Amino acid sequence: MRSNDKMSRLLAELPVGELTVDDVPPMFREVAAEGWSYTPNGARVLSGLVPEFTGSYVDVLQEETSINGRGMTDHDLPVAESERTGPLLRRCLAYAFACLVEAERRFGDRDVRAYLILSLGGAHDDLLTATVTFCTHHPNIAPYIRDIENVQDAAVAELTSADRGSWC
């Protein structure tokens, strides 16, 4: 796992314990269960997130991140950051690992990465929100997030299915 200092601190402070399928919100559980597929361009995408009408993309990375990126369900969580951070991070980790395990099963490798981003958002940029985005590295395309360790405005982590043992 690669992460910046903000994410490392969150993970160190969080008694993550064992993640279960119950940590994944139902909508995201369905997406993970539907599995992965390839687009005609060779992008690896979560089948349940493929739009009915596809657009045009600059490259495979943009296609993967556009289709595979979602904000994590948080409407039922407390507003106070101290009460919100743990459950939100657990949801993101559980969803990421559920999808990464399916990706490894489908593609036979660990090339798919999950990017977790926790940052302030909402109407007044005062509510902790999170996104989880999946993509692969492509040799001739800049990475999805360059220099993760130095991101300053959010807590960021890059996970592979190999990182799962720490939490599951």
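Some notes on this structure:
- Among (1) 53, 29, 26; (2) 43, 35, 28; (3) 44, 31, 30, the entry derived from the coordinates for Cα extents along the principal axes in Å: (3)
- Prolate/oblate/rounded call for the stretch 1-64, Cα gyration tensor, a/c under 1.5 rounded: oblate
- When each of the peptides 143-150, 129-136 is scored by how many other beta carbons lie within 10 Å of its residues on average, the order from highest to lowest is 129-136, 143-150.
- Relative to the longest principal axis of the Cα atoms of the chain, helix 81-107 runs at roughly 20 degrees.
- Spin-label pair residue 138-residue 5: with each label point 7 Å from Cα along the Cα-Cβ axis, the two points sit 3.4 nm from one another.
- Bridge type composition, the chain - antiparallel percent by DSSP, nearest 5: 100
- Taking the helices alone, the chain has a mean residue ellipticity at 222 nm of -10500 deg cm²/dmol, built from -39,500 (n - 2.57) per DSSP H run of at least 4 residues and averaged over all its residues.
- The Cα center of the stretch 11-46 and the Cα center of the stretch 90-129 differ in position by 7 Å.
- Once the Cα-Cα distance is subtracted from the 0.36 nm per residue extended length, the residue 82 to residue 33 segment shows a gain of 14.5 nm.
- In sequence order, the stretch 150-158 has phi-based couplings of 9, 5, 9, 9, 7, 8, 10, 9, 10 Hz under the Karplus curve 6.51 cos²θ - 1.76 cosθ + 1.60, θ = phi - 60°, and Gly or Pro positions carry x.
Bear in mind these aren't lab numbers, they're just calculated from the coordinates by the rules spelled out. Here the structure is a predicted model, which is why all the values come from computation and not from measurement. Cβ: placed from backbone, ideal geometry, glycine included. Neighbour counts: every protein chain shown.
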